[in-house]
Structure formats: structure tokens, C-alpha cells
Amino acid sequence: MRADHPVLSNMSRLLIMAYLATHGKATLTRLSTDLGIPPNRAAYHLDALEREGYVKKGMDLRDLRERIYTPTDRGLRETLEYIRTIRPLLAL
């Protein structure tokens with residue numbers, strides 16, 4: 001996998017996917033607050049991640065105004081592969 005991944009080379013998308021990989025699921029509000037990404041930008045990136053099959057959107061039965069985002073198997077797999085690819089570049 002190359003460092004210029006068509007989906008994950010965007011820092012906001014990578015942060016969202018890393019968050020979801022760690023926490024399992026989150027609402028737009030939680031992602032926006034915890035990652036410091038404005039809600040409209042987070043929504044834009046979540047839509048792109050959903051179109052690409054990296055996340056799926058579900059209902060939050062506690063608050064019907066919110067949606068819950070969970071990573072797909074593909075999303076998790078490609079995120080972890082991408083992080084392994086760029087890790088040497090970041091000297092982590």
C-alpha cells in the first residue's frame with residue numbers, strides 16, 4: 001500500500017478511522033468534539049468514508065437526531081495497513 005492512499009491520506013479521514021478503530025463506534029457529535037474537527041467537515045468526511053465502504057451509518061436509538069458510525073471490516077483492515085505503511089515515515 002502506498003503512502004498516498006486515495007481515502008486515508010486525508011488527515012481528517014485518518015483521524016476518524018483511527019478513532020473508530022479504537023472506540024468501535026461514535027456519533028458525529030462525539031467525533032467532532034473529540035477530534036476537534038468542525039461538524040460540517042466531519043460530516044463531509046464521514047460521507048466520503050461511507051461511500052468508500054470504510055464506515056457504516058446506523059441509528060442512535062437513544063437520540064434519533066444522531067447517527068452512529070462504525071468501521072467496516074474493510075475500513076479497519078485498510079486503516080491498520082495504512083498506519084503500518086506510514087509509521088516509518090513518521091518515525092514512531
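The values are calculated or read from the model by the stated rules, or taken from the named source; none is laboratory data. Fair warning: this is a prediction, and the values are worked out from it, not measured in the lab. FYI the Cβ positions are ideal-geometry reconstructions off the backbone, even for glycines, and counts take in every protein chain you see.
Out of curiosity, is G58 without any contact (Cβ under 8 Å) to a residue 60 or more places away in the chain and out of contact with any helix residue (DSSP H, G or I) (no Cβ under 7 Å at 6 or more places or on another chain)?
Details: without any contact (Cβ under 8 Å) to a residue 60 or more places away in the chain: yes; out of contact with any helix residue (DSSP H, G or I) (no Cβ under 7 Å at 6 or more places or on another chain): yes.
The answer is yes for G58.
All conditions in (1) without any contact (Cβ under 8 Å) to a residue 12 or more places away in the chain; (2) over 12 Å from P71 (Cβ atoms) hold for H23, with the sole exception of (2). Listed by first and then second residue, the pairs linking a residue in segment 62-76 that is crowded, with 16+ Cβ neighbours inside 10 Å to a residue that is among the charged types (D, E, K, R) and modelled with pLDDT of 95 or more, with Cβ atoms under 6 Å apart and 6 or more places separating them unless they lie on different chains, are R67/K57; I68/K25; Y69/K57; T72/K56.
Examine segment 40-53 for a residue that is of a type in the set (F, W, Y), assigned to a helix (DSSP H, G or I) and at pLDDT 95 or above, and state whether such a residue exists. So that I can check it myself, show each step before the final result.
Quick first cut of segment 40-53, residues of a type in the set (F, W, Y) only: 44.
Among the residues that remain, those that are also assigned to a helix (DSSP H, G or I) are: 44.
With the extra rule that they be at pLDDT 95 or above, the set shrinks to 44.
Checked against the condition, which is being of a type in the set (F, W, Y), assigned to a helix (DSSP H, G or I) and at pLDDT 95 or above, segment 40-53 yields at least one hit.
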